[in-house]
Amino acid sequence: MPLLAPFLQHLAGFNLGRSRAVVAVSGGVDSLVLLDLLARGREQHGVELLVAHADHGIHPDSGAVADRVAAVAASLDLPAEIGRLTLGSSATETVAREARYAWLESVRRQCGAEWLVTAHHSDDQAETVLMRLLRGSGPAGLAAMADREGVLIRPLLPFTRAQLAEHAAARAIEGWSDPANADSRFLRSWLRHEVLPALRERLPEVDRDLLRAGRQAALDREAWDQLLDQTPELDWRNEAGGASLAIEGLLAWDGPLALRLLSAAGRRVGAILGPTRAGRILTLARKGASGATVELGGAWRAERAFDRVRLVREPDVETAASLTIEGSAGSAIWGVEWVLDWWLERAPPKQERDGLSAWFIPEPMTVRRWIAGERIQPLRGQGHRLLARCFQDARVPRSRRERWPVLEAAGRLVWVPGVCRSADRMPEPGQPALRVEARGR
């Protein structure tokens, strides 16, 4: 049966509209078939395509494969981006995968594409369910790959490897076969070439049954996600660097239900929370003081922040360096969470102490991290107050304070966005002033 028509019908269900997509093409048959289907259906789906190939630099032939992908893209009149990752022959499968997806995401961002498209298909899905089962994954893990995860879409999931091979033969598509895909030292390759063939001899419907188990697990996962959204007392929030839940709402649930809700919350932000890790978070919520933390592995930790429990991932970058605000207008990124904009305008009659905009006598100012023990003179307040107390009043968790900007002018602390405006450097109402606005990235 020709594959193009059912593929385009399935793709239409994604409602991509007039958008741009990066197509990940490894050079293997599966990804070349995906590219062929997308290119031939351009008039129907209307998505602008960019081909992206990551040359890991692991196999001696990888450079030639990259050249082949670039040539195929050119023959389809499509732009191509080739990434030379130079990982070396000692790189593991996990390292290669992480490097590849990091590079693909950087390409997507740089070209302004809304989507990243990969060639995972039905057989890949069955292998993934079996592999996760053997590794002791819970129901959420057995749901395996979704056809859409954020910006990542997998439009070939309903189709089998045999269907793709049939299309490749009909279209004379020849792909490169990575020797690692047949190396039984790798778990997936062992399952694909040795375990699943043996299971099919004894259980001819094993692929169908694995996919059915995956669909049932996906339904279970979706139900927990809906419960997370439809329980107002939990007050689930997606925050910079993680997420948080209301402790009172969480502890209102019985233990097993609370554990599953925590797992669902973690999954949304990329934190894997099995029963043990989720149990540590529950203990923290019941007994921990504000500011207490527990490690969750993979750079994740949980923090009790006042009446909430937060899931926090440590940033991969160092604390932001200081920057200078000067001139009549400008914009700058500070750290991983903040953007600061400034321009000249007349000062308003009144300024808010805890606002995200503030007006100053025009002069250079420095944006920096806070220093423990320093004080600020609050607007319309008495005397000076410890900045740590201001953070507490504004309910800023300890884990975020190191990445929170403070502004200094003439050697004095004048503003902490969203926390406290100082009485220093205040322009008279109606006088020319430098307005500074802080916003999250």
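For the range 188-276, the Cβ-based charge dipole about the Cα centre amounts to some 480 debye (Lys, Arg positive; Asp, Glu negative; other atoms uncharged). Is the range 102-200 rounded, prolate or oblate when judged by the Cα gyration tensor, a ≥ b ≥ c being the square roots of its eigenvalues, rounded requiring a/c under 1.5 and prolate requiring a/b larger than b/c? It comes out oblate by the Cα gyration axes. Using a 10 angstrom cutoff on alpha carbons, build the Gaussian network for the chain and name the most mobile of L203, L104, L219. Among L203, L104, L219, the largest mean-square fluctuation in the Gaussian network model of the chain belongs to L203.
Applying a 4.7 Å cutoff between beta carbons, the unpaired cysteines of the chain are C111. Rounded to the nearest whole Hz, the Karplus-based 3J(HN,Hα) values (6.51 cos²θ - 1.76 cosθ + 1.60, θ = phi - 60°) of the range 405-420 follow the sequence x, 10, 10, 10, 9, 6, x, 10, 6, 10, 6, 10, x, x, 10, 7, with x at glycine and proline.
Where a ≥ b ≥ c are the square roots of the eigenvalues of the C-alpha gyration tensor, would you call the range 220-290 rounded, which needs a/c under 1.5, or, failing that, prolate if a/b is larger than b/c, or oblate? Note, shape of the range 220-290 comes out rounded.
Using the heavy atoms of the protein chains alone and a 1.4 angstrom probe, what is the accessible area of the range 241-357 per residue in square angstrom?
Working: 5760 Å² over 117 residues.
For the range 241-357, the per-residue accessible area is 49 Å².
When only alpha carbons are used to place a centre, the range 194-272 and the range 334-353 end up 41 Å from one another. What 222 nm value per residue comes from the helices of the chain, counting each DSSP H run with n ≥ 4 as -39,500 (n - 2.57) and dividing by all residues, nearest 500 deg cm²/dmol? Value at 222 nm, helices only: -11000 deg cm²/dmol. For the range 3-111, the share of accessible area belonging to carbon and sulfur comes to 49 percent (1.4 Å probe, ligands and nucleic acids excluded). Solvent-accessible area per residue in the range 89-239 equals 57 Å², computed with a 1.4 angstrom probe and all protein chains kept.
Once a ≥ b ≥ c are taken as the square roots of the eigenvalues of the Cα gyration tensor of the range 21-172, is the result rounded (a/c under 1.5), prolate (a/b larger than b/c) or oblate (a/b not larger than b/c)? Note, shape of the range 21-172 comes out rounded.
Computed from Cα atoms, the angle from the helix 122-134 axis to the main principal axis of the chain rounds to 70 degrees.
Helix 275-287 axis versus longest C-alpha principal axis of the chain: approximately 20°, rounded to the nearest ten.
Listed options for P(r) over Cα pairs in 10 Å bins from 0, in percent are (1) 4, 20, 31, 25, 11, 4, 3, 2, 1, 0; (2) 4, 19, 28, 26, 16, 6, 1, 0; (3) 4, 16, 22, 22, 18, 12, 5, 1, 0. The value calculated from this structure is the one marked (3).
3J(HN,Hα) couplings calculated from phi for the range 33-49 with the Karplus curve 6.51 cos²θ - 1.76 cosθ + 1.60 (θ = phi - 60°) are, in sequence order, 5, 4, 4, 4, 5, 5, 5, 5, x, 4, 5, 7, 8, x, 8, 6, 10 Hz; Gly and Pro show x.
With K and R counted +1 and D and E -1, the other residues having a Cβ less than 12 Å from that of A74 yield a net charge of -1. How far is helix 206-229 tilted off the main Cα axis of the chain, in degrees rounded to 10, range 0 to 90? Tilt relative to the chain: about 20 degrees.
Share of the range 292-358's accessible area from carbon and sulfur, percent, 1.4 Å?
Numbers: 1750 of 3460 Å².
So the carbon and sulfur contribution to the accessible surface is 51 percent.
Averaging Cα coordinates gives a centre for the range 112-130 and one for the range 361-397; these two points are 48 Å apart. Rolling a 1.4 Å probe over the protein heavy atoms of the range 377-441, with every protein chain left in place, gives an accessible area that is 39 percent carbon and sulfur. Phi-derived couplings, Karplus 6.51 cos²θ - 1.76 cosθ + 1.60 at θ = phi - 60°, listed residue by residue for the range 114-121: 7, 10, 10, 10, 10, 9, 4, 10 Hz, with x used for Gly and Pro. Springs between alpha-carbon pairs under 10 angstrom, Gaussian network model over the chain: which of L311, L133, L323 fluctuates most? Maximum among the listed residues: L323.
The values are calculated or read from the model by the stated rules, or taken from the named source; none is laboratory data. Here the structure is a predicted model, which means the values were calculated and not measured. With ideal geometry, Cβ positions are generated from the backbone for all residues, glycine too; neighbour counts draw on all protein chains shown. Please note that ligands, DNA and RNA were not included when accessible areas were found on the heavy atoms of the full protein model with its side chains. Shrake-Rupley method; radii C 1.70, N 1.55, O 1.52, S 1.80 Å.
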